[in-house]
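Below is one structure, written out as structure tokens; the observations come after it.
What follows is calculated from the coordinates using simple rules that are stated; it is not laboratory data. These numbers come from a predicted model, not from an experiment. Positions of Cβ are generated from backbone atoms using ideal geometry, with glycine treated the same way; all protein chains shown enter the neighbour counts.
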Amino acid sequence: MKVLLTGATGFVGREALRQLLAAGHGVRAVVRDPTRAPQDSSSAQGTDTPRRLIDAVYGNVLQPESLRGAAEGCDAVIHLVGIISEISEQTFENVHLNATNNVLAEAKRARVKRWIQMSALGTRPNAVSRYHQTKWSAEESVRASGLDWTVLRPSLIYGPEDHFVNLFAGMARWAPVLPVMGNGESLLQPVSVENVCRCFVGALAEPRSISQTMDVCGPDRLTFNQVLEAILNAMGKRRLKVHLPLSLGRIQAALLETIFPILLRKAAPLNRDQLLMLQEDNVGDARPAEEMFNLTQARFAEDIRRYLQQKAPCKQISQRAD
Ligand SMILES: NC(=O)c1ccc[n+]([C@@H]2O[C@H](COP(=O)([O-])OP(=O)(O)OC[C@H]3O[C@@H](n4cnc5c(N)ncnc54)[C@H](OP(=O)(O)O)[C@@H]3O)[C@@H](O)[C@H]2O)c1
């Protein structure tokens, strides 16, 4: 199949691209920065894989005219683009809902039939966070599109280049304490990026996934505190967890939301919408996706060792006594 992939330069997108190529699909990646376009390294290495499995086209999913022609000749779309923090025109409404509508319009124009949508666990009508509200509206657009759609809703995704485990692991390397907003007792069900992408790539060849909205979560339901403990254990470290009142967290997040975009031209590393999400459980039903896509799930605490221990192998030994 020839697959139009959005978000190919991101954490999930890079693994999706790897698995799509490994499964023999051709990929057209929509990228907004041509210098970051993924390269077809398989052909350079002289393997049996046919050349030109990837082609990249410039496109900003917020600008419909930039997408014109992107889906031409494609059989399916995997739409991954999303944000966790807003900056300038990259609002939740724009990047989740309007962008989905823009890419859907291009898919329909090019008569692409198949669509796999990246959503998120916790997405529902009347969700408390704007992240989940806009993911819900995007899902509704996809379900009403008339295409052969599948909506996948992962929980927290982890993997060697993730944004969450690595953030806290990075803090634990230098900071004597780890900050936790609130009591840290909300539940998460982390899932590996490899398994998330197995679902996306597997769905292309699985007709039973058409018209399905499915949770994609791991085998463990862990509190935020337990997730932090697992990270520290994997690194062989001990750190004090400092629980900050949510009222203080909200003030801190509001400040970061103002300062980061103005001074650093970056989205804030913590925002008030994330705090809303952190206060609710984020768990789902792992079984339907496990069965449909033949997933083998590893335990979170064991699985993160493969990359947390690799990152600072020399330090691990001396840090055991921390
Ligand atoms: N990570 C998780 O734990 C998690 C959990 C559940 C659901 N999800 C969802 O999974 C998806 C991917 O997440 P991720 O962690 O891989 O995020 P990520 O690393 O931040 O990647 C986001 C991707 O979207 C692209 N993008 C953003 N705005 C764009 C625009 N206007 N036009 C074109 N491309 C644009 C980025 O391109 P650039 O490289 O140009 O910035 C990047 O390729 C998102 O929809 C997210 O909501 C993630």
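Quick notes
- Computed over the chain, the per-residue total of -39500 (n - 2.57) for DSSP H runs of n ≥ 4 gives a 222 nm mean residue ellipticity of -11000 deg cm²/dmol, rounded to 500.
- When Tyr58, Tyr307, Tyr131 are sorted by how many other C-beta atoms sit within 10 angstrom of their C-beta, beginning with the fewest, the order is Tyr58, Tyr307, Tyr131.
- For the chain, lysine pairs with C-alpha atoms less than 23 angstrom apart, excluding pairs fewer than eight positions apart on the same chain, total 9.
- Shown for Met277, Met171: other C-beta atoms within 10 Å of each C-beta, ranked fewest to most, produce the order Met171, Met277.
- Length released on extending from Arg14 to Leu167, taking residue separation times 0.36 nm less the Cα-Cα span: 53.2 nm
- Debye log10 I(q)/I(0) at q = 0.18, 0.25 Å⁻¹ for the range 239-306, Cα point scatterers: -0.88, -1.05
- Listed by Cβ neighbour count within 10 Å, with the fewest neighbours leading, Asp273, Asp55 appear as Asp55, Asp273.
- The chain - convex hull of the alpha-carbon atoms, volume per residue in Å³: 142
- Alpha carbon Rg of the range 184-281, scaled by the compact-globule rule 2.2 N^0.38 Å: 1.42
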